[in-house]
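The values are calculated or read from the model by the stated rules, or taken from the named source; none is laboratory data. Bear in mind the structure is a predicted one, so any value in this text is a computation, not a measurement. Positions of Cβ are backbone-derived with ideal geometry, glycine not excepted, and every protein chain shown enters the neighbour counts. Only protein heavy atoms, including side chains, enter the accessible area calculation; ligands, DNA and RNA are left aside. Shrake-Rupley method; radii C 1.70, N 1.55, O 1.52, S 1.80 Å.
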Amino acid sequence: MRMTRSVDNVQFLPFLTTDINNLSWLSYGALKGDGTLIIVNSVGAMLQTLYILVYLHYCPRKRGVLLQTAALLGVLLLGFGYFWLLVPDLEARLQWLGLFCSVFTISMYLSPLADLAKVIQTKSAQHFSFSLTIATLLASASWTLYGFRLKDPYITVPNFPGIVTSFIRLWLFWKYSQKPARNSQLLQT
């Protein structure tokens with residue numbers, strides 16, 4: 001975005017859902033007392049917030065971006081308010097928050113597939129970032145293994161779709177690699 005001074009061919013929804021996801025898991029980690037979840041998701045939330053601010057800076061139509069951000073932050077705040085104020089039992093709060101985090105994680109991993117129809121229609125994977133696909137595969141596989149190690153289904157189960165969607169995107173890169181789009185180079189940095 002900074003190099004091209006544009007958000008063309010850059011999806012906003014993955015940045016937003018990942019930020020909300022990091023903030024949710026940060027809360028789950030704090031409630032559970034899991035230092036790994038706290039540290040990783042603190043750093044992730046800071047980076048995603050930075051990406052959102054850069055996107056906003058270069059986005060010509062800020063209203064839609066701000067509305068999406070406000071809507072998801074509203075859902076997040078309502079969820080946190082519910083969990084912290086209305087669910088007094090710590091174990092029940094942990095379970096409900098784990099479920100809440102799982103839903104956001106799955107939405108985060110599915111959000112890049114919003115352009116799936118466009119990719120198939122144009123027979124070009126230019127709307128996907130190859131480096132982001134690899135990073136998603138590695139992160140989701142790591143969290144899935146971490147969840148298995150802790151025997152925590154709230155970490156294991158929602159990260160598995162990240163592995164599946166990454167392989168779908170890698171397959172699409174392979175399938176449409178013979179017809180690179182002229183802007184595809186921008187997405188791979």
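What the table below lists for this structure:
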item: Lone qualifier among 4, 36 - being open to solvent by 30 Å² or more (accessible area, probe 1.4 Å), over 20 Å from residue 159 (Cβ atoms), in contact (Cβ under 8 Å) with a residue 40 or more places away in the chain and over 14 Å from the mean Cα position of the chain (by Cα); result: 4
item: Answer from 77, 66, 50 - the residue that is more than 15 Å from residue 23 (Cβ to Cβ), part of a helix (DSSP H, G or I) and hydrophobic (A, V, I, L, M, F, W, C); result: 66
item: Residue satisfying condition, being over 24 Å from residue 51 (Cα atoms) and either open to solvent by 30 Å² or more (accessible area, probe 1.4 Å) or assigned to a helix (DSSP H, G or I) (or both), within set 149, 169; result: 149
item: Top-ranked residue in segment 111-141 [being among the small types (Gly, Ala, Ser) and open to solvent by 70 Å² or more (accessible area, probe 1.4 Å); ranked as farthest from residue 72 (Cα to Cα)]; result: 117
item: Matching option when the condition is at pLDDT below 80, among the small types (Gly, Ala, Ser) and in a helix (DSSP H, G or I), among 111, 42; result: 111
item: Qualifying residue in segment 52-59 (condition: under 28 Å from residue 145 (Cα atoms) and open to solvent by less than 40 Å² (accessible area, probe 1.4 Å)); result: no
item: From 144, 69, 133, 122, residue being within 30 Å of residue 177 (Cα to Cα), at pLDDT below 90 and under 18 Å from the mean Cα position of the chain (by Cα); result: 133
